[in-house]
Amino acid sequence: MGEVTLKFKNITKVFPGVRALDDVSLDFRKGEVHALVGENGAGKSTLIKILTGAHEPTSGTIEVFGEEYNHLIPHEAIKMGISAIYQEFNLVPFLTVAENIFYGREVKKGIFIDKKYMNKETTKLCHEMEIELDPKIQVKELGVAYQQIVEIVKAVSQNAKILIMDEPTAPLTNREIEALFKVVRKLKATGVTILYISHRLEEIFEVCDRVSILRDGKYITTAETEKISRKEVIAHMVGRELGEDFVGGAGARDDIVLEAREISTDKIKNISFNLKRGEILGLGGLVGAGRTETARALFGADRLESGEIQINGKKAVLKSPKNAIRYGLGLIPEDRKKQGLVLSMQVRENISYGILKKLAKRLFINTKKEDEICSKLKDDLTIKTPSLKQVVRNLSGGNQQKVVLAKWLATNSEILIFDEPTRGIDVGAKQEIYYLMKELTKQGKSIIMISSEMPELIGMSDRIIVMHEGEFAGELLKNEYSQEKILELASGESKVGWEK
Amino acid sequence: MKRQAAIMDFFAKYGIVVVLIALVVFFSIISPQFLKMNNIFNILRGMTMVLLTGGIDLTAGSVIGVGSVLTAALILAGMPTVPAVIVVLLISAGIGMINGFFINAMNIPPLITTLGLMTSLRGVAYLITGGLPIFGFKSGITALGKGYFLGIPLPVVLMAGVFLVGILFLEKTRYGRYIYGVGGNEEASILSGINVKQVRYIVYSISGMLCGLAGIVLLARINSGQPNAGTGYEMDIITAVVLGGVSISGGEGRLPLVVIGVLIMGVLTNGMILMNIQEYVQWVVKGLVLVAAVGFDRFTETRKAQLA
């Protein structure tokens, strides 16, 4: 293994009321992919922010390429070769790939920007990393995966020696992840140190050399991925033995609660399927295959161009989410911060957001009843919050997700659409969400689950429908499940089960 | 000892507020400008709500003008006072609906919609009067401006009433909740089944109606319908609301706190007048205060984003 490039020495960071990091010492080497794992709130983000200079440690030092610092300053960190790629991208959508890569460092010819040179350089960089990317295309035209790759190329072009990747695969599909890993391995071979943060343990074992575990702000251990098992990692993360357990649903009943007949919007084409009571119907496919769009069509958020939706055997007119909710639908969207919650409002206000009409029978909202309903749901879902009046922004990802779920349980939704239900959620909370899904199906509620996580899709669904480029690609029954088969359908290579 | 510490704590937190209140009381007693301030108080609720939804209403000043001259014209034409007032309130609410229509149905940003209508409505105010003030009518409306209720001037009673209703509406009713929700996250609100467009119509109508009300109060006080009445008020109001901690990006801010914003504006305006500072200099200061207040809002917003 290469020499140590980065070393945290006894780092402690105290925020008012919280000890986010407690005497953490940790080193990273040249040419290694080093995973940083821990549940939400374990201190990963704080450590990263200290490295990028966003936070100043309360005590302890950081050693970068042999030089010791008390704290780093953002623009100097970049100069030293520390780059970070976040979940939210920092690209300008209307600029081209090359313009983004050279953003702020444009190469000029006279007084004008030398586009030709920048395009050529970008092509060269991509070529070195074996990436196919048109430097002249606008970034907004690219999919999420490629936007991320642009970020990486940008970091490399800035001579990044230490690259932080924060949940890089969260928005990607399996195939795109493969492409990303190829790039990661390439970078590693050129001697870049990669700090890899992910909730998906399987990829840590696939792409990382070592893994360090944090828990409650404390450093637990570092191990070579070859010498530690997934189960041990999880045990270290949660501090107790805990396996991932796909409990599945309670099983489908006979009656059909929802049926989509040849529905089309501007994003999807002729999608037909049904959903039985108590069933968990998995919706698989690559990102952009039209799964979220199908959910939006069902939920009345996108306009139907043709086709019909039946609920409980009757034609349903779903012109707006408001209509859909009246028919008993609920949507737990893929991006809970942007679509699921009003972050500036309290836990209570978010949970009751959909039932205010019921709560405000007279002029004013019946806050007593509101509190009753909310505290019951808070207990049922074990939402961890100091009080119902806590602002949702301050909750962890898993608890925020539970608040979204609580909102739909409050409205008594019979059909719940989960779009990536466990994205960005730690292991413990994930498990709880699975148990909740089972409990809901037991109560006779039905679930449509969109998931890009293969084990989750296979483990939780009673039946899986796969989509490809806005169209139906196939349907798999439980005895036909396999990762390969789903991928095959998702990539449009075969059309099994498509007989009508 | 403990109590002393508590008192110290209170002053550390609210000291500035106490000082402000003292200053305002002092200045108001010796300055006639205070009456203008309590008129601004009336429109405040509307503007606060608009800003909470993430919008803005620049028509405020012009609607005051229209409200003022329209009431005068109706009364002069022989309409009894009470119906005239009701008609004007409805029309002002209607103006708010028009704002809402452009914003909702045509998807024009509130800033542009209300900027355009601000100019148009000022034109309307001048057209109604033919460019001249309307005066010389006998009406009970002056009682509204100069009357007393239990020894308290009527405009102040009105102000307190509107304020109370505003707080109850915003904090206790479901529409109040929606206003915060729509400003905090429009998309999540739509996906939660909230009729966002309806919320916007309501908010702009309330804003319009309260501006109309302010126009009527103004007319009652000076007993003359001035087409240029309320010019520049939107500036004062927006500044006061932002100073009171309402975020310009919507979703955050509480009405009681907005009062502090008005107090700061009051102190500033009255103070400058008492100090005999030239009016033009006052404009310079007021403009800078708005920019500074918004700057501070953006700063805290960025900090929050970093913490999240």
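Derivation of every value follows stated rules applied to the coordinates shown; laboratory data play no part. As the structure is a prediction and not an experimental result, all values here were calculated from the model. Ideal geometry is used to build each Cβ from the backbone, glycine not excepted, and the neighbour counts take in all protein chains shown.
Give me the net charge for the shell around residue A:395: Cβ to Cβ below 9 angstrom, other residues only, Lys and Arg +1, Asp and Glu -1.
+3
To check you understand DSSP bridge types, tell me what percent of the beta bridges within the range A:4-238 (both residues inside) are antiparallel, rounded to 5. Working shown, then result.
Numbers: 25 of 43 bridges.
Once the DSSP bridges in the range A:4-238 are tallied, antiparallel ones form about 60 percent.
Tell me the Kirkwood hydrodynamic radius of the range A:85-203 in angstroms, computed as one over the mean inverse distance between distinct C-alpha pairs. Walk me through the numbers on the way to the answer.
On the way: mean 1/r = 0.0681 Å⁻¹.
About 14.7 Å for the range A:85-203.
Among B:182, B:119, B:284, which residue has its Cα furthest toward the positive end of the charge dipole of the range B:19-307, with +1 on Lys/Arg Cβ and -1 on Asp/Glu Cβ?
Of the options given, the answer is B:182.
Please compute the alpha carbon radius of gyration of chain A, then divide it by the globular-protein estimate 2.2 N^0.38 Å. Two decimals is fine. Intermediate values should be presented prior to the final figure.
Values: Rg = 24.1 Å, N = 500, 2.2 N^0.38 = 23.3 Å.
Ratio of Rg to 2.2 N^0.38 Å for chain A: 1.03.
Share of antiparallel DSSP beta bridges in the range A:256-490, in percent to the nearest 5?
DSSP beta bridges in the range A:256-490 are roughly 55 percent antiparallel.
Which cross-chain or sequence-distant (5 or more) residues have an amide H under 5 Å from the amide H of residue A:257, H modelled 1.01 Å from N in plane?
A:275, A:276, A:277
For the range A:240-367, what does the alpha-carbon gyration tensor say about shape, rounded, prolate or oblate, given a ≥ b ≥ c as the root eigenvalues, a/c under 1.5 as rounded, and a/b over b/c as prolate?
Taking the square roots of the gyration eigenvalues as a ≥ b ≥ c, the range A:240-367 is oblate.
Measuring from label point to label point, each 7 Å out along Cα→Cβ, what is the residue A:480 to residue B:76 span in nm?
Simple spin-label model gives 8.2 nm for this pair.
Quick one: what are the phi-derived ³J(HN,Hα) couplings along the range A:465-476, Karplus 6.51/-1.76/1.60 with θ = phi - 60°, whole Hz, x for glycine and proline?
3J(HN,Hα) across the range A:465-476, in whole Hz: 10, 10, 10, 9, 6, x, 10, 5, 10, x, 10, 10.
With both bridge residues required to lie in the protein assembly as shown, what share of the DSSP beta bridges run antiparallel, to the nearest 5%? Spell out each step's value before the answer.
On the way: 48 of 84 bridges.
Rounded to the nearest five, the antiparallel share is 55 percent.
Based on Cβ point charges of +1 for Lys and Arg and -1 for Asp and Glu, what charge dipole magnitude is obtained for the range B:210-308 about its Cα centre, in debye rounded to the nearest 20?
Charge dipole, the range B:210-308, about its Cα centre: 160 debye, nearest 20.
The range A:256-490: D in µm²/s via Stokes-Einstein (Kirkwood Rh, Cα pairs, 20 °C, 1.002 mPa s)?
After rounding, the answer is 118 µm²/s.
Need the C-alpha centroid separation for the range A:312-334 versus the range B:151-227, integer Å.
Rounded to whole Å, the Cα centres lie 32 Å apart.
Per-residue mean of other chain beta-carbon atoms within 10 angstrom of the beta-carbon, peptide A:355-365?
Averaged over the peptide's residues, the number is 4.
Where does each of B:208-217, A:357-366 land if you order them by average Cβ count within 10 Å, highest first? Before the final figure, lay out the partial values.
Working: B:208-217: 29.0, A:357-366: 14.5.
Most protected by this proxy first, the peptides run B:208-217, A:357-366.
Of A:173, A:15, A:156, which is farthest along the charge dipole of the range A:4-238 in the positive direction, counting Lys and Arg as +1 and Asp and Glu as -1 at C-beta?
The listed residue farthest towards the positive side: A:156.
Counting only other chains, and only Cβ atoms inside 10 Å, what mean value do you get across the residues of B:168-179?
4
Can you pull the Kirkwood radius for the range B:19-307, inverse mean 1/r over Cα pairs, to one decimal in Å?
It is 19.3 Å.
Find the all-direction average of the projected area of the Cα convex hull for the range A:173-258, expressing the result in square nanometres with one decimal place.
Values: hull surface 36.3 nm².
Quarter of the Cα hull surface area: 9.1 nm².
Can you work out the Karplus-derived ³J(HN,Hα) for every residue in the range A:370-387? Use 6.51 cos²θ - 1.76 cosθ + 1.60 with θ = phi - 60°, whole Hz, and x for glycine or proline.
Per-residue couplings from phi come out as 4, 4, 4, 4, 5, 6, 5, 5, 4, 6, 4, 9, 6, 6, 8, 8, x, 7 Hz.
Hey, could you grab the Kirkwood Rh for the range A:4-238? Inverse mean 1/r over distinct alpha carbon pairs, Å, one decimal.
On the way: mean 1/r = 0.0542 Å⁻¹.
Evaluated on the range A:4-238, it is 18.5 Å.
Name the residues whose placed amide hydrogens come within less than 5 Å of the amide hydrogen of residue A:84, ignoring near sequence neighbours (fewer than 5 apart) on the same chain.
Residues meeting the criterion, in which the H sits 1.01 Å from N, are A:164.
With only Lys, Arg, Asp and Glu charged, each at its Cβ (+1 for the first two, -1 for the last two), find how big the charge dipole of the protein assembly as shown is about the Cα centre; round to the nearest 20 debye.
Working: 93 positive and 83 negative charges, 592 e Å.
With only Lys, Arg, Asp and Glu charged at Cβ, the dipole is about 2840 debye.
Here is the link list: A:115/A:267; A:337/A:384; A:44/A:154; A:140/A:338; A:154/A:188; A:49/A:186. Which ones come out longer than 27 Å on Cα distance?
A:115/A:267
Magnitude of the Cβ-charge dipole of the range A:256-490, K/R +1 and D/E -1, about the Cα centre, nearest 20 debye?
Charge dipole of the range A:256-490: 1420 debye, to the nearest 20.
Taking R0 as 30 Å, what FRET efficiency do you get between residue A:132 and residue A:189 from their Cβ-Cβ distance, rounded to the nearest 0.05?
0.95
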